[in-house]
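The values are calculated or read from the model by the stated rules, or taken from the named source; none is laboratory data. Note that the structure is predicted; figures quoted are calculated from it, not measured. In this analysis, Cβ positions are derived from the backbone assuming ideal geometry, glycine residues included, and neighbour counts consider all displayed protein chains.
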Amino acid sequence: MENYELTIVIDGKATSAKKKSVSATIEKIITTNKGKLGKIQDWGVKDLAYKIGESTTGIFLHFPIELSTEAVRQIPAKLKMEDDVVRYLLVKGEQGSSKEKVKTKKANNNGKKSK
């Protein structure tokens with residue numbers, strides 16, 4: 001299982017019910033593929049750099065997920081079938097928690113102060 005980050009954009013005029021529906025769909029896709037879903041982050045409504053369809057704003061939702069590499073290959077096809085998803089970005093996340101990274105960084109510095 002690998003860590004990934006999925007960020008999706010839905011129409012900025014979507015209702016909270018539509019956000020819940022899309023979130024539930026994403027959760028179903030992940031759990032169907034035996035993955036784990038972290039805490040969903042709602043990044044809110046943001047202006048888009050350019051008009052996509054009729055949308056000039058988008059609601060950004062971020063999903064930290066853990067999936068096998070085979071399951072990840074299926075995600076883009078399933079997201080393309082979702083009419084409510086305007087755009088998506090799926091990237092491989094960093095391994096380990098942020099606490100582990102801090103400990104590792106401190107250990108690498110061997111007690112020396114950063115300049």
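Conditions (1) under 16 Å from the mean Cα position of the chain (by Cα); (2) surrounded by 15 or more Cβ atoms within 10 Å (Cβ to Cβ); (3) modelled with pLDDT under 90, marked per residue:
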site: THR7; (1), (2), (3): yes, yes, no
site: ALA14; (1), (2), (3): no, yes, no
site: LYS51; (1), (2), (3): no, no, no
site: GLY58; (1), (2), (3): yes, yes, no
site: LEU61; (1), (2), (3): yes, yes, no
site: LEU67; (1), (2), (3): yes, yes, no
site: LYS78; (1), (2), (3): yes, yes, no
site: MET81; (1), (2), (3): no, no, no
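Quick check on this structure: which one of VAL72, VAL86 is over 13 Å from the mean Cα position of the chain (by Cα), aliphatic (A, V, I, L, M) and either at pLDDT below 90 or surrounded by 14 or more Cβ atoms within 10 Å (Cβ to Cβ) (or both)?
Checking each option against the conditions leaves just VAL86.
Given (1) free of Cβ contacts under 8 Å to residues at least 40 places away in the same chain; (2) under 19 Å from LYS78 (Cα atoms); (3) surrounded by 13 or more Cβ atoms within 10 Å (Cβ to Cβ), where does LYS34 come up short, assuming only one miss?
Result: LYS34 passes all but (3).
Give the number of residues within segment 57-76 that are out of contact with any helix residue (DSSP H, G or I) (no Cβ under 8 Å at 6 or more places or on another chain) and more than 18 Å from LYS19 (Cβ to Cβ).
9
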